[in-house]
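Asker: Take this structure, written in structure tokens, and hold onto it; I'll ask about it next.
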């Protein structure tokens with residue numbers, strides 16, 4: 001037996017804001033989108049490298065204010081890339097935690113936190 005990849009579901013309320021944040025700012029690509037009908041909520045996946053996040057407008061799928069930790073290599077490069085985007089709503093810092101991990105934390109327009117961290121070995 002083995003476990004596979006994790007794909008967190010994060011709640012969203014505004015598709016344009018979600019695309020602006022996840023695609024334009026964080027550099028994810030839309031992997032796929034699904035609606036049961038044109039007037040029903042959107043469920044979509046965004047992907048960057050091996051990270052896939054599911055974003056949902058569906059009321060019962062997820063709770064706003066969730067947090068996801070994402071391991072990265074070369075966290076300085078990620079930090080520099082995010083700052084170069086000049087995103088009008090956020091200028092994340094690069095912090096070293098008391099336990100030694102370096103992190104870049106961002107909060108999406110819906111209150112969900114994504115914490116990118118560089119572990120001792122990825």
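The values are calculated or read from the model by the stated rules, or taken from the named source; none is laboratory data. In this text, all values refer to a predicted model and were calculated from it rather than measured experimentally. A quick note on method: Cβ atoms are made from the backbone with ideal geometry, for glycine too, and the neighbour counts reach across all protein chains shown.
Asker: Sort out which residues of segment 11-25 are closer than 20 Å to residue 92 by Cα and in contact with a strand residue (DSSP E or B) (Cβ under 9 Å, 6 or more places away or on another chain), and write them in order of number.
Answerer: Correct list: 18, 19, 21, 22, 23, 25.
Asker: Could you check how many residues of segment 18-34 are surrounded by 13 or more Cβ atoms within 10 Å (Cβ to Cβ) and either more than 16 Å from residue 58 (Cα to Cα) or free of Cβ contacts under 8 Å to residues at least 40 places away in the same chain (or both)? Can you show your working first?
Answerer: Looking only at segment 18-34, we keep the residues that are surrounded by 13 or more Cβ atoms within 10 Å (Cβ to Cβ), and these are 18-23, 25-28, 30-31.
With the extra rule that they be either more than 16 Å from residue 58 (Cα to Cα) or free of Cβ contacts under 8 Å to residues at least 40 places away in the same chain (or both), the set shrinks to 19-23, 25-28, 30-31.
Residues in segment 18-34 being surrounded by 13 or more Cβ atoms within 10 Å (Cβ to Cβ) and either more than 16 Å from residue 58 (Cα to Cα) or free of Cβ contacts under 8 Å to residues at least 40 places away in the same chain (or both): 11 in total.
Asker: Would you check if residue 39 is out of contact with any helix residue (DSSP H, G or I) (no Cβ under 7 Å at 6 or more places or on another chain), surrounded by fewer than 12 Cβ atoms within 10 Å (Cβ to Cβ) and part of a loop (DSSP other than H, G, I, E, B)?
Answerer: yes
Asker: In segment 26-36, which residue that is in a loop (DSSP other than H, G, I, E, B) and touching a strand residue (DSSP E or B) at 6+ places or on another chain (Cβ under 6 Å) is farthest from residue 7 (Cα to Cα)?
Answerer: Let us first name the residues in segment 26-36 that are in a loop (DSSP other than H, G, I, E, B), namely 26-28, 35-36.
Cutting the leftovers down to touching a strand residue (DSSP E or B) at 6+ places or on another chain (Cβ under 6 Å) gives us 27-28.
On the way: 27: 17, 28: 14 Å.
By that ranking, first place goes to 27.
Asker: In addition: Among the residues of segment 42-55, count how many are outside any strand (DSSP E or B) and either without any contact (Cβ under 8 Å) to a residue 24 or more places away in the chain or touching a strand residue (DSSP E or B) at 6+ places or on another chain (Cβ under 9 Å) (or both).
Answerer: 2
Asker: Regarding residue 101, is this residue modelled with pLDDT under 95 and either in contact with a strand residue (DSSP E or B) (Cβ under 6 Å, 6 or more places away or on another chain) or exposed (fewer than 14 other Cβ atoms within 10 Å of the Cβ) (or both)?
Answerer: It is true that residue 101 is modelled with pLDDT under 95 and either in contact with a strand residue (DSSP E or B) (Cβ under 6 Å, 6 or more places away or on another chain) or exposed (fewer than 14 other Cβ atoms within 10 Å of the Cβ) (or both).
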